[in-house]
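The structure appears below as structure tokens.
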Amino acid sequence: MKFFVFLTLIIGLVSCHDVAKKQQLEELSILDKRVDHIQREYEALKKDTISEIIYTMKELKYRVKFDVDGDTLSIDIAKKIDSYNRIYKRLNLVETYGEKILFGSQKVKNSIANLTNDIKNGDGDRANYDKFLAFETDKVDNLQQIVEDMTKLQIDNLHAYLQVKDVVEKFAAEIASK
């Protein structure tokens, strides 16, 4: 009778572990798919040629900086140039976000793959699997927030750039022709 109770207890514990293991693996699969989605979102954002705009802005910024005498600027043009410079700095942040997403997503994918293998094989400290899973979930949530911040920053600053671009380019062309 004791043997039967012991055997039932063991089978119950093993089956509970299998349910938890299956659930953890499903959650990791979902996290992995979220990271893939984040990477696709980043690639779509990257196609907006921000790097080209930043390069153009940098060239124009230096051309204006070296060709302009401070006393030859009207207040309106000076404000537009100042706005242009601030937009340039913020668009550079977009590139920084991109690096965080690119490298961070790859690190998270590797961590998820390692944790998946550990859970499948029963390696490591099984009692901490849920903690590790929560940690990976937080990292994916942070990556998603970075993508959202990058999207907002990019949209807001591209709009602002388009508002001052023509005026600053025209001014730069005028001073270059003098």
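So here's what we get for this one:
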quantity: Condition met for E99 (under 13 Å from L31 (Cβ atoms), under 17 Å from the mean Cα position of the chain (by Cα) and either crowded, with 17+ Cβ neighbours inside 10 Å or not aliphatic (A, V, I, L, M) (or both)); calculated: no
quantity: Unmet requirement for D123, which otherwise passes all of (1) modelled with pLDDT under 90; (2) closer than 26 Å to I30 by Cβ; (3) of a type in the set (D, E); (4) under 22 Å from the mean Cα position of the chain (by Cα); calculated: (4)
quantity: I112 of a type in the set (A, V, I, L, M), touching an Asp or Glu at 6+ places or on another chain (Cβ under 8 Å) and surrounded by 13 or more Cβ atoms within 10 Å (Cβ to Cβ); calculated: yes
quantity: Number of the condition not met by A44 [criteria: (1) out of contact with any helix residue (DSSP H, G or I) (no Cβ under 8 Å at 6 or more places or on another chain); (2) of a type in the set (A, V, I, L, M); (3) at pLDDT 85 or above]; calculated: (3)
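The values are calculated or read from the model by the stated rules, or taken from the named source; none is laboratory data. The model shown is predicted, which means the values in this text are computed figures rather than measured ones. Cβ: placed from backbone, ideal geometry, glycine included. Neighbour counts: every protein chain shown.
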